[in-house]
Amino acid sequence: MARLPLDGIRVVEMSHMVMGPTCGMILGDLGAEVIKIEPTRGDGTRRLLGAGAGFFRTFNRNKQCIAVDVETPQGREAVLELVDTADVFIENFKPGRMHTLGFDYTSLRQRNPRLVYASHKGFLNGPYDNRLALDEVVQMMAGLAYMTGPVGRPLRAGSSVNDIMGGMFGAIGVLAALNERHESGSGREVQSALYENCVLLAAQHMQQYVVTGEAAAPMPNRISAWAIYDVFSFAGGEQMFVAATGEGQWHALCQVLGQAALLDDPTLASNNDRVLQRPRLLAHLAEVFATLDAQRLAVELEANDIPFAPIRRPEELFDDPHLRQSGGLAALALEDGSHTPMPLLPLSLDGQRLQPRRPIPRIGEHTRQVMRGLGYSDEHIAQLCAAGVLRTDDQAQGVR
C-alpha cells in the first residue's frame, strides 16, 4: 500500500510479554511508527523458553527498538523527551510501576496534552485493581477455564486469548481516542484489562443462565444447541469436526452418508428432536464415520456446504493451502537475519493484507537513530552508552 491508515502517528511502547506488545503490533501493522523501549539487557520476553519461546517474534514486528536504563535519571529524561514527540504511549507493567518512574498518565499529560495513553492491566478500576493477573489467573476467575474443561477439571484455553484480545481492545481504544483528538485536540487515557476481557468471553454463558434458569455446563458436558456438532473418528484414525446446524445441512449430511432412514425417523424430524435424541444419534453416526475415509468425505462435505474441520496441530498451519495461497502467512525477518512464516492480522484493506515492513528489531538497534532525532549528539550518545544509560546495536551483539 502506498499509504497506511496510521502513517504519521508515533507510538512509544514500554511493554513486555504479550498484551502491550499486541497493541503495539496492531498499531504498527496499521502504519504507525512504533518505538519500543527495552532495558539495556533487552526485553526478558526475548529469552523465554517453552510456551513463551515464540512470544517476542510473534508480537514485535513493525517496531523500532531503543535500549534504555530507566532506573537512571538520564534514562528517564531520554524517555520523557521521546514521549514529548509521541501521539501514543503504551504500557503494561504492574500497578504503580509507571508512577514510580514518572511515566504515569497524569505526569505525561502535563508534558504532552495530546498524548493518548494506553494502559494494559489485569483489572480495571475496582476492588481487584491492585492485584497482579495473568491470562491463566483471569481464565480461572471469569469462568472460561470452568467452561473449557470437564466437570471438576478447569482447563485454560490453549492460547494467550485474553492477553491478545486485551491488546486488541487497547488498540481499539487508541484508535477511538485518536479520532476524538481530531475534534478535541486533547489525548485521553485508555485502559484495557485481562479480567474484564475474559468476562466478556463468558457473557454468553452468563446470559444463558438468565434465559434458561440453568447454569451453563462446561463445554465437554454441555447440552448442545445442535444435534450434530462434534468430533468424529474415521477409518484411518483421523479425527474431524462435523456439524449440521440447519435443516438443509441435516438433509445434505444424511444424503452424503447414505442415511436416508434417518430422514424418515419421526423422532428426528426437527433439530430440537435430534438434540433430545443426541446420544443415540451420535453413537450411530460414530459407527458410520468410523468406516469412511476422512479426506474423501471432506470433499463431499465441502461440495454440499456442510461445516467440517480437520483437527490440526499449530505446526501444521505452516502448510495450510488457504493460508499459503491467500497470503495469510508472510515471511518475517528475525533479529539474526533468518526468516519465518508469520500469520498476519486477520483483516484486509481493499483486499490487501497488512505486511511486515520491519524485521524483529535487535536490542538497541535504533537507539542511535532515535536519540539523534531528539537532538542528542553522537558524543552525548557515546557518553550515555559508556555510563550504561543507553545501549546501541553494536554493544548488544553479545547480549542474550
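Conditions (1) open to solvent by 60 Å² or more (accessible area, probe 1.4 Å); (2) part of a loop (DSSP other than H, G, I, E, B); (3) at pLDDT below 95; (4) among the hydrophobic types (A, V, I, L, M, F, W, C), marked per residue:
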| position | (1), (2), (3), (4) |
| --- | --- |
| Ala286 | no, no, no, yes |
| Arg312 | yes, yes, no, no |
| Arg324 | yes, no, no, no |
| Ala331 | yes, no, no, yes |
| Thr340 | no, no, no, no |
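Could you identify the single residue in Gly213, Gly237 that is exposed (fewer than 13 other Cβ atoms within 10 Å of the Cβ), within 30 Å of Ala294 (Cβ to Cβ) and among the small types (Gly, Ala, Ser)?
The unique qualifying residue is Gly237.
May I ask you to list the residues in the range 1-56 that are more than 25 Å from Phe123 (Cα to Cα) and of a type in the set (D, E, K, R)?
The answer is Arg3, Asp7, Arg10, Asp29, Glu33, Arg41, Arg46, Arg47.
If you scan the range 263-284, which residues turn out to be of a type in the set (A, V, I, L, M, F, W, C), open to solvent by 60 Å² or more (accessible area, probe 1.4 Å) and assigned to a helix (DSSP H, G or I)?
Leu276
So which residues in the range 139-158 are in a loop (DSSP other than H, G, I, E, B) and either within 21 Å of the chain's Cα centre (by Cα) or free of Cβ contacts under 8 Å to residues at least 40 places away in the same chain (or both), if there are any at all?
Once the filter is applied, which keeps residues that are in a loop (DSSP other than H, G, I, E, B) and either within 21 Å of the chain's Cα centre (by Cα) or free of Cβ contacts under 8 Å to residues at least 40 places away in the same chain (or both), the range 139-158 yields Ala142, Gly143, Gly152, Arg153, Pro154, Leu155, Arg156, Ala157, Gly158.
If Glu136 meets every condition in (1) touching a helix residue (DSSP H, G or I) at 6+ places or on another chain (Cβ under 6 Å); (2) farther than 23 Å from Asp87 by Cβ; (3) outside any loop (DSSP other than H, G, I, E, B); (4) not aromatic (Phe, Trp, Tyr) apart from one, which number is that one?
Result: Glu136 fails condition (1) only.
Which of the following residues is out of contact with any Lys or Arg (no Cβ under 9 Å at 6 or more places or on another chain) and surrounded by 16 or more Cβ atoms within 10 Å (Cβ to Cβ): Leu200, Leu175?
From the options Leu200, Leu175, the qualifying one is Leu175.
Any residue in the range 362-381 that is under 25 Å from the mean Cα position of the chain (by Cα) and either closer than 27 Å to Gln255 by Cβ or open to solvent by 20 Å² or more (accessible area, probe 1.4 Å) (or both)?
The answer is yes, given that some residue of the range 362-381 is under 25 Å from the mean Cα position of the chain (by Cα) and either closer than 27 Å to Gln255 by Cβ or open to solvent by 20 Å² or more (accessible area, probe 1.4 Å) (or both).
The values are calculated or read from the model by the stated rules, or taken from the named source; none is laboratory data. A quick note: this is a predicted structure, and the numbers were derived from the prediction, not measured. Cβ coordinates were reconstructed from backbone atoms using ideal geometry, including for glycine residues, and neighbour counts include every protein chain displayed. For the accessible areas, the whole protein counts, side chains as well, though only heavy atoms, and no ligand, DNA or RNA atoms are used. Shrake-Rupley method; radii C 1.70, N 1.55, O 1.52, S 1.80 Å.
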